[in-house]
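Participant: Okay, handing you the structure first.
The values are calculated or read from the model by the stated rules, or taken from the named source; none is laboratory data. No experiment lies behind these values; they were computed from the predicted model shown. Neighbour counts run over all protein chains shown; Cβ positions are idealised from the backbone, glycine included.
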Amino acid sequence: MHLGCGFSRAQDLFDFVGRVEPERLYLVGDIIDGWKVKRNFVWTDTASFVVRRILGMLKRGTRVRYVTGNHDEFLRAFSPHVFGQLHVAEHVGLHSFQPRPQAEEPEPGSWAEMPADLTAVV
């Protein structure tokens, strides 16, 4: 998505998060373009609307998983960390899309809870 740069796809992401209300939302790499913060940073109203919509999802109970990419590496300082329903991590491991029974809730940030019913990945 590269929010913060001139060619970001903020409108596409805004349209998408406006159509869904998932139990879990996975934001996978380069959502915010931290490289552009240093030069030519372009933050649009639409980018702000995207952030506000995702914050609204968090408020309504959506569990958001943010996996950092190379352009948002500045967030790795917070990885792994949990901010309420927002989990930040450097990577996610997928072994299978088959559901596995779990006796208890996995450790925050462990990503062991990757669901078989993946509803929204950006």
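Participant: Being under 15 Å from the mean Cα position of the chain (by Cα), in a helix (DSSP H, G or I) and modelled with pLDDT of 75 or more is the requirement here; does L75 meet it?
Facilitator: Numbers: under 15 Å from the mean Cα position of the chain (by Cα): yes; in a helix (DSSP H, G or I): yes; modelled with pLDDT of 75 or more: no.
When the stated conditions are applied, L75 does not pass them.
Participant: Now for a separate question. Taking the range 46-60 as the search range and keeping residues that are assigned to a helix (DSSP H, G or I) and either of a type in the set (G, A, S) or out of contact with any helix residue (DSSP H, G or I) (no Cβ under 9 Å at 6 or more places or on another chain) (or both), which one is surrounded by the fewest Cβ atoms within 10 Å (Cβ to Cβ)?
Facilitator: In this case the residue turns out to be K59.
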